[in-house]
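> Dumping the structure here so I can ask a few things about it.
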Amino acid sequence: MPVEEFVAGWISGALGLVLGHPFDTVKVRLQTQTTYRGIVDCMVKIYRHESLLGFFKGMSFPIASIAVVNSVLFGVYSNTLLVLTATSHQERRAQPPSYTHIFLAGCTGGFLQAYCLAPFDLIKVRLQNQTEPMAQPGSPPPQYRGPVHCAASIFREEGYRGLFRGAWALMLRDTPTMGIYFITYEGLCRQYTPEGQNPSSATVLVAGGFAGIASWVAATPLDVIKSRMQMDGLRRRVYQGVLDCMVSSVRQEGLGVFFRGVTINSARAFPVNAVTFLSYEYLLRWWG
Ligand SMILES: CN(C)C(=N)NCCC[C@H](N)C(=O)O
């Protein structure tokens, strides 16, 4: 099994993650809290109340976990294509796989990465939702002192299954949308690249950026539900499951609830995924 894809997936994912984390914090707050009037209001309040550091809350764990999560996504994607089409990454420019194979490989990568991502994503969302300023003497301490304390508290209070709260919604979010992610990327690269050649850096950046936007627009409804399920159980259980969360969110806030955070998700998705795909492609060409 070729391992370069796993390593390239890890490094490229880490670069994208650091770039996108501040946007991600704003998105999570908008999806789970009703105190903000919009993106700008949320950014101003975070900056005033929590300083620049507030935007980077919950980032250490995703950085540590990206090695597993992104390498699983890209590694499983590429190795599934290898099984389905018997072509390696280098051979795929000359013998492009069908879009059905790309979609299936993307869905497989998305499904497996969601399982690895679930506990890390839960801890990230819980930490991002703590609005207390960091390290201010005299101010009330936040519920979680950091990622390890957060993981230990969830485990103690809610058991092993508590660490997988929201995992179903995450799998439902990531399985089809990772198919969309890779199809959009490949489709745009093929459209703007002469047959048999490697896509230029500009093409990779644009295709990666739009792949991020397309997948996140499709993912946002279940992303909202996932974030709410992950915050549920913090004090008391409100939702019985994914469907119940959907129904009660729509009843209380209307259909628009499914698009909460879509603008910030898209604004974040372009640079994050442009950088992710550019570094992924170049690392593989470099090692190839
Ligand atoms: C849930 N969806 C749509 C995705 N995860 N899409 C792929 C983008 C992955 C990238 N690390 C990012 O965070 O944008």
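Every number in this text was worked out from the coordinates using simple rules, so none of it is lab data. Computed from a prediction, not measured in an experiment: that's the story for all the values here. In this analysis, Cβ positions are derived from the backbone assuming ideal geometry, glycine residues included, and neighbour counts consider all displayed protein chains.
> Choose one of LEU19, LEU52, VAL7: the residue whose Cα lies farthest towards the positive end of the charge dipole of the stretch 1-72 (beta-carbon charges +1 Lys, Arg; -1 Asp, Glu; about the Cα centre).
Result: LEU52, furthest along the dipole toward the positive end.
> May I pose another question? If contacts are Cα pairs under 8 angstrom and at least 6 residues apart, what is the relative contact order of the chain in percent?
For the chain, the relative contact order is 26 percent.
> Given H placed 1.01 Å from N in the peptide plane, which residues other than close sequence neighbours of TYR239 have an amide H under 5 Å from its amide H?
For TYR239, no residues qualify.
> Assign unit charges at the C-beta atoms only (+1 for Lys and Arg, -1 for Asp and Glu), then state the dipole size of the stretch 193-264 relative to its Cα centre in Debye, rounded to the nearest 20.
Once rounded to the nearest 20, the dipole reads 480 debye.
> Take every Cα-Cα pair in the chain and report what % of them are more than 35 Å apart.
Percentage above 35 Å: 19.
> What's the magnitude of the charge dipole for the chain around its Cα centre, counting Lys and Arg as +1 and Asp and Glu as -1 at the beta-carbon? Answer in Debye, nearest 20.
Roughly 860 debye, rounded to the nearest 20.
> Follow-up question, since we're still on this one. Residue by residue through the stretch 197-206, which ³J(HN,Hα) values in whole Hz follow from phi under the Karplus form 6.51 cos²θ - 1.76 cosθ + 1.60 (θ = phi - 60°), with glycine and proline marked x?
The phi angles translate into 9, 7, x, 6, 4, 5, 5, 4, 4, 5 Hz.
> Still on this structure, I have one more. What is the dipole size for the stretch 140-240, taken about its Cα centre, with +1 at each Lys and Arg Cβ and -1 at each Asp and Glu Cβ, in debye to the nearest 20?
620 debye
> For the chain, what is the mean residue ellipticity at 222 nm derived from helices alone (per DSSP H run of n ≥ 4: -39500 (n - 2.57); sum divided by total residues; nearest 500 deg cm²/dmol)?
-25000 deg cm²/dmol
> Which whole-Hz ³J(HN,Hα) couplings does the stretch 76-88 yield from phi under the Karplus relation 6.51 cos²θ - 1.76 cosθ + 1.60, θ = phi - 60°, glycine and proline marked x?
5, 4, 5, 6, 5, 4, 4, 5, 6, 10, 6, 10, 8
> Could you work out which residue, out of ALA219, ALA202, ALA14, moves most in a Gaussian network model of the chain, that is, has the largest mean-square fluctuation with Cα springs under 10 Å?
Largest GNM mean-square fluctuation: ALA202.
> Among TRP216, LEU205, CYS189, which residue has its Cα positioned farthest towards the positive end of the charge dipole of the stretch 172-232, with +1 placed on the Cβ of Lys and Arg, -1 on the Cβ of Asp and Glu, and the dipole taken about the Cα centre?
It is TRP216, whose Cα lies furthest towards the positive end.
> Let me ask something else. If you average the C-alpha positions of the stretch 71-124 and of the stretch 217-256 separately, how far apart do those two centres end up, in angstrom?
If we compute the Cα centre of each part, the gap is 28 Å.
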